[in-house]
Amino acid sequence: MACVRAACRTGAINDRPGQRQFEENVMVRMELRVVLATLAIFVALGGIGLSIHGSLYYLDREVWTGVIAIAIGIVGCVTMLTLWPRDLPGKTPPDHPADDSGPHEHHHHLPSQY
């Protein structure tokens, strides 16, 4: 029993081949998307400010420009943060650079779409 506890503490039991490399590949692909989603949120916030400004001073053009900026920001954020099938192991086309994650197995820390 002590050997099992020591192995759990060191993480030796839950290590699977290719697991760490897969996690690093997913993080590298998602970093740019997180940055773009953050920028999209700031576009939406700017649109909110513009809409409020237009509403206070009865400026129809600014109100609608703000509404369009809000919609673009929300759609951009949702699109960038959506987990795409190519982010999951075994779902990328053959010879795709993202498909070098090693053995394809189910990863319990990722949501499943199938």
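The values are calculated or read from the model by the stated rules, or taken from the named source; none is laboratory data. Owing to the predicted nature of the structure, the values given are computational and were not obtained by experimental measurement.
Which ones in the stretch 49-91 are among the aromatic types (Phe, Trp, Tyr) and assigned to a helix (DSSP H, G or I)?
Selection gives 64 alone.
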| Is one or more of the residues making up the stretch 56-76 at pLDDT below 95 and aliphatic (A, V, I, L, M)? | no
| query | Just one of the numbered conditions (1) over 18 Å from the mean Cα position of the chain (by Cα); (2) at pLDDT 95 or above; (3) under 20 Å from residue 87 (Cα atoms) is not true of residue 17; which one? | reply | (2)
